[in-house]
Structures are given as structure tokens and as C-alpha cells.
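**Student:** If you scroll down you'll find the structure; I have some questions about it.
The values are calculated or read from the model by the stated rules, or taken from the named source; none is laboratory data. A quick note: this is a predicted structure, and the numbers were derived from the prediction, not measured. Using ideal geometry, Cβ is built from the backbone for each residue, glycine included, and neighbour counts are taken over all protein chains shown.
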Amino acid sequence: MKTVLVNSQLQKKALLIQSLCNLLDGKILIVNSEKSRQIEYALGVEDYCIYDTLDVLSNVVDYKKSMVKITEDKYIIPSTIKPEKYSATVENYEDLLDKLSEFEIVIFTEDIGIEFDEEIMCGDEEKSHAKKLYQITDSSSKRKSDYKYIGKLEFTKEYEKKINLYSEEVDAKLTEIIDNYKQDKEAKIGFFDRIFKR
């Protein structure tokens, strides 16, 4: 099992995780520790979330019951929308990792205090506690030499080309995801307002 940290601004993180799910092979689990459901929305599973990461870490429910299927062999443990209900520790995450041997890759959305095998970062920060760090710079960089793309977890050139393509389309996709997220959220709030006459 390989542990990977995706470290970026939330909107870019959502797009990057969506891209990784499309590009990587094998059984993958995303453990979402954000306090937002934007990643779930980008993956199209927001409405299927019942339990969340804190429910798993606090042993309210087994991780298998909390998982939401994204595609074949791709799953996510959703983020919590009530972060105050439990304060997770490094030991909680380590206990969870001990149970996840069925997965080839476990992707985390926040630095939870453990040493990761790999970190994928949007930006120019060089420091990392991961064994390997891969960086993606914004596709609007003026000089091609400024680009740093992920190498794949198996380091193939084909993956590098695919990530390059995703990077070039990042701004348009981000705008679309954020606009859809806002519209959908407003529609749901309006729906519940009408039901409960708030």
C-alpha cells in the first residue's frame, strides 16, 4: 500500500484528485479530511455520503460502511460537515491505515502528521515530509522551463503527457466545477427552505 498526500488550494485539489482517479490504475481510497464537500462534488458522489471520516476515526462506524464508490476500484471516505464532533489524532489515522491493506493507494487530502510515501503539490514549496515530492506549477506559467509535472506513481512518460493535458485545461474545469457546485448548493438550500418554510 502506498500513501499519497495531495496538497493544494481546495479547488485545485478537487480537480487534481478527480484527475488522479481517472489516470491511476488499481484499487484506490481517498480519505477526505477537508471541512467541505467540494471534492465529493467534483467526483459526483456528494449526494451519496452518509458517514464521514470522523465517524470512522471515532469508531462510530467501520470504514467499509462509510466508503462511497466513485468508479470501479475507486472509493472515498467523505469529509465531515461537523468538524467539532470529534478531534482526530495521528494515532486514529495510523489505526485506520492498518486496516486498509486491501488498497494499493490511499490518498489523503490533508497533512495528518504521518510520513507519506509521496506528496503531490500544486505550487513551488520545496519542503515536504514525504519520501518523494512531485510538483505541478500553474499551466499559465510563461516559461516552459517553469513547469514541473507529476512523474506517475510508476514514473511513466505516458502519464506525464496526460497530466500535462489536464494541467492545460485546469482553469476551465475549475470554473465549471465551482459554478456547478454553487448552483447546486443554492438549489438544495431553496428546496429545503420551501419544504420547511424557513
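**Student:** Confirm whether Leu29 is buried (at least 19 other Cβ atoms within 10 Å of the Cβ), of a type in the set (A, V, I, L, M, F, W, C) and at pLDDT 90 or above. Step through it out loud before you land on a result.
**Tutor:** Details: buried (at least 19 other Cβ atoms within 10 Å of the Cβ): yes; of a type in the set (A, V, I, L, M, F, W, C): yes; at pLDDT 90 or above: yes.
Against the criterion (buried (at least 19 other Cβ atoms within 10 Å of the Cβ), of a type in the set (A, V, I, L, M, F, W, C) and at pLDDT 90 or above), Leu29 qualifies.
To keep it simple, each residue is scored yes or no on (1) crowded, with 21+ Cβ neighbours inside 10 Å; (2) more than 16 Å from Leu100 (Cα to Cα).
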| residue | (1), (2) |
| --- | --- |
| Leu16 | yes, yes |
| Leu23 | no, yes |
| Arg37 | yes, yes |
| Val45 | no, yes |
| Tyr48 | no, yes |
| Val60 | no, yes |
| Lys64 | no, no |
| Thr71 | no, yes |
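**Student:** Just one of (1) in contact (Cβ under 8 Å) with a residue 40 or more places away in the chain; (2) in contact with a Lys or Arg (Cβ under 9 Å, 6 or more places away or on another chain) trips up Leu16, so point out which.
**Tutor:** Every condition holds for Leu16 apart from (2).
**Student:** Let me ask you something else. Out of Ser8, Ser19, Ser79, I need the residue that is at pLDDT 90 or above, under 13 Å from the mean Cα position of the chain (by Cα) and polar (S, T, N, Q). Which one? Walk me through it before giving the result.
**Tutor:** Values: Ser8 fails: at pLDDT 90 or above; Ser19 fails: at pLDDT 90 or above.
That would be Ser79, the only listed residue that is at pLDDT 90 or above, under 13 Å from the mean Cα position of the chain (by Cα) and polar (S, T, N, Q).
**Student:** Which one of Ile17, Ile30 is outside any helix (DSSP H, G or I) and of a type in the set (A, V, I, L, M, F, W, C)?
**Tutor:** On the way: Ile17 fails: outside any helix (DSSP H, G or I).
None of the other options fit; the residue is Ile30.
**Student:** Let me ask something additional. Which pairs have Cβ atoms under 8 Å, sit 6 or more apart or on different chains, and link a residue in segment 80-94 that is without any contact (Cβ under 8 Å) to a residue 60 or more places away in the chain to one that is part of a helix (DSSP H, G or I) and among the acidic types (Asp, Glu)?
**Tutor:** Listed by first residue and then by second, the contacts come to Thr80/Asp55.
This table checks each residue for (1) loosely packed, with under 12 Cβ neighbours inside 10 Å; (2) in contact with a Leu (Cβ under 6 Å, 6 or more places away or on another chain); (3) of a type outside the set (Gly, Ala, Ser); (4) at pLDDT 80 or above.
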residue	(1), (2), (3), (4)
Tyr86	no, yes, yes, yes
Val90	yes, no, yes, yes
Ile105	no, no, yes, yes
Phe108	no, yes, yes, yes
Glu118	no, no, yes, yes
Asp124	yes, no, yes, no
Lys127	yes, no, yes, no
Leu133	no, no, yes, no
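**Student:** Right, here's the next one. Might you let me know whether segment 52-65 holds any residue that is in a loop (DSSP other than H, G, I, E, B) and of a type in the set (A, V, I, L, M)? Spell out how you get there, then give the answer.
**Tutor:** Taking segment 52-65 first, the residues in a loop (DSSP other than H, G, I, E, B) are 52, 58-62.
Now drop any that are not of a type in the set (A, V, I, L, M), which leaves 60-61.
Yes, there is a match, as at least one residue in segment 52-65 is in a loop (DSSP other than H, G, I, E, B) and of a type in the set (A, V, I, L, M).
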